[in-house]
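Asker: Submitted below is the structure of interest, expressed as structure tokens.
The values are calculated or read from the model by the stated rules, or taken from the named source; none is laboratory data. Since the model is a prediction, treat every value here as computed from it, not as a measurement. Cβ coordinates were reconstructed from backbone atoms using ideal geometry, including for glycine residues, and neighbour counts include every protein chain displayed.
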Amino acid sequence: MLQKNQDACLPLQSPAAAIPLAHSVPAYLDTYYWWAYVHPQAVRVFERQWLANAILWGNYARLRDSALAEFDATLKGRTLQVACAYGDLTNRLCTRLPERGGTLDVVDVLPIQLDNLRRKLPASDRVRLHTMDSSALGFADASFDRVLLFFLLHEQPREVRIATLAEAWRVVKPGGRIVIVDYALPDRANPLRYLFRPVLAALEPFALDLWKSEIAQWLPPPARAAVRKETCFGGLYQKIVLTR
Ligand SMILES: C[S@@+](CC[C@H](N)C(=O)[O-])C[C@H]1O[C@@H](n2cnc3c(N)ncnc32)[C@H](O)[C@@H]1O
């Protein structure tokens, strides 16, 4: 299931270049998320801010801003976004890059998603896109000041999720920060605890793992002591912040 890593990196200032290298699609994406990310029509359907917001029950901006609030207002040094997202999350990260001394790297395993992201972003030599699997990042140890995982883990089978978290921990510097935003088990009083379960079970088969277990249990042991967790929207969403 894990992909051999191929870093097809493109700076955003070369818009004419296509993201090269055929890259194999992880089996779980092909099987369960072809309609959302893999199929050529997927981007055309889903790349709408209002739709991303509707899928998150109207919480897109709240969750995006809550994640960004964990980082400095100006993103000096190196920032890593692990996996593209529909909507304007990456644009918001870009606006926080300083003119000098700050770069953003975005990885995704699907070239179609990186192509879409490139179309959304302003041309900049401070932003680089990489065709890369989150479970086998082609970056050096301790090479990033901060890492963001926005609604990625719930899409991944357990072994990929564990590898993704280990990679995020590996590439962040001591003192650096990892921010994770994803689903969690809603409170008993939240009707979505009952109504949303069958939807997730049908469409996103690994998502309910995040209802059953704490993300901390999939972290490498040294990372577990560094966890801060917050929830919102009746517990349906969680933010995990780790400082290495
Ligand atoms: C991060 S999630 C974002 C979902 C969320 N609904 C949104 O768009 O805001 C979706 C992305 O994760 C990517 N992805 C899934 N598994 C991956 C992996 N193992 N490595 C890198 N990217 C992955 C998919 O290709 C897709 O572009």
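Asker: If I filter segment 200-207 for residues that are part of a strand (DSSP E or B) and either modelled with pLDDT of 95 or more or within 13 Å of the ligand (Cβ to nearest atom) (or both), do I get at least one hit?
Answerer: no
Here's the yes/no breakdown for (1) more than 14 Å from the ligand (Cβ to nearest atom); (2) hydroxyl-bearing (Ser, Thr, Tyr):
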position	(1), (2)
83	no, no
95	yes, yes
107	no, no
113	no, no
135	no, yes
138	no, no
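Asker: For segment 56-64, indicate whether the set of residues that are in a helix (DSSP H, G or I) and surrounded by fewer than 20 Cβ atoms within 10 Å (Cβ to Cβ) is non-empty. Before you say what the answer is, go through the steps one by one.
Answerer: Residues of segment 56-64 that are in a helix (DSSP H, G or I), as a first pass: 60-64.
Okay, now just the ones that are also surrounded by fewer than 20 Cβ atoms within 10 Å (Cβ to Cβ), so 61-62.
Scanning segment 56-64 turns up at least one residue that is in a helix (DSSP H, G or I) and surrounded by fewer than 20 Cβ atoms within 10 Å (Cβ to Cβ).
Asker: In segment 203-219, how many are in contact with a Lys or Arg (Cβ under 8 Å, 6 or more places away or on another chain) and over 18 Å from residue 239 (Cβ atoms)?
Answerer: Number satisfying all stated conditions: 2.
Asker: Ok, one more. Exactly one condition in (1) under 20 Å from the mean Cα position of the chain (by Cα); (2) closer than 19 Å to residue 148 by Cα is not met by residue 235; state its number.
Answerer: Going through (1) under 20 Å from the mean Cα position of the chain (by Cα); (2) closer than 19 Å to residue 148 by Cα one by one, residue 235 breaks only (2).
Asker: Tell me, which helices (runs of 4 or more DSSP H) wholly within segment 86-198 include 1 or more residues that are in contact (Cβ under 8 Å) with a residue 24 or more places away in the chain and among the β-branched types (Val, Ile, Thr)? Don't jump to the end; show me each part of the working.
Answerer: Working: elements: 89-95, 111-120, 158-171, 192-195.
By residue number, 89-95, 111-120, 158-171.
Asker: Could you tell me how many of the residues in segment 147-176 are buried (at least 21 other Cβ atoms within 10 Å of the Cβ), of a type in the set (D, E, K, R) and away from the ligand (no atom under 12 Å from the Cβ)?
Answerer: The number of residues fulfilling the criteria is 0.
Asker: Related question: Against the condition loosely packed, with under 15 Cβ neighbours inside 10 Å, out of contact with any strand residue (DSSP E or B) (no Cβ under 9 Å at 6 or more places or on another chain) and free of Cβ contacts under 8 Å to residues at least 60 places away in the same chain, how does residue 225 come out, does it pass? If you could, list the steps in order and put the result at the bottom.
Answerer: On the way: loosely packed, with under 15 Cβ neighbours inside 10 Å: yes; out of contact with any strand residue (DSSP E or B) (no Cβ under 9 Å at 6 or more places or on another chain): yes; free of Cβ contacts under 8 Å to residues at least 60 places away in the same chain: yes.
Against the criterion (loosely packed, with under 15 Cβ neighbours inside 10 Å, out of contact with any strand residue (DSSP E or B) (no Cβ under 9 Å at 6 or more places or on another chain) and free of Cβ contacts under 8 Å to residues at least 60 places away in the same chain), residue 225 qualifies.
Asker: Determine, yes or no, whether residue 37 is in a loop (DSSP other than H, G, I, E, B), buried (at least 17 other Cβ atoms within 10 Å of the Cβ), within 12 Å of the ligand (Cβ to nearest atom) and hydroxyl-bearing (Ser, Thr, Tyr).
Answerer: On the way: in a loop (DSSP other than H, G, I, E, B): no; buried (at least 17 other Cβ atoms within 10 Å of the Cβ): yes; within 12 Å of the ligand (Cβ to nearest atom): yes; hydroxyl-bearing (Ser, Thr, Tyr): yes.
Considered against the rule, which asks whether it is in a loop (DSSP other than H, G, I, E, B), buried (at least 17 other Cβ atoms within 10 Å of the Cβ), within 12 Å of the ligand (Cβ to nearest atom) and hydroxyl-bearing (Ser, Thr, Tyr), residue 37 comes out as no.
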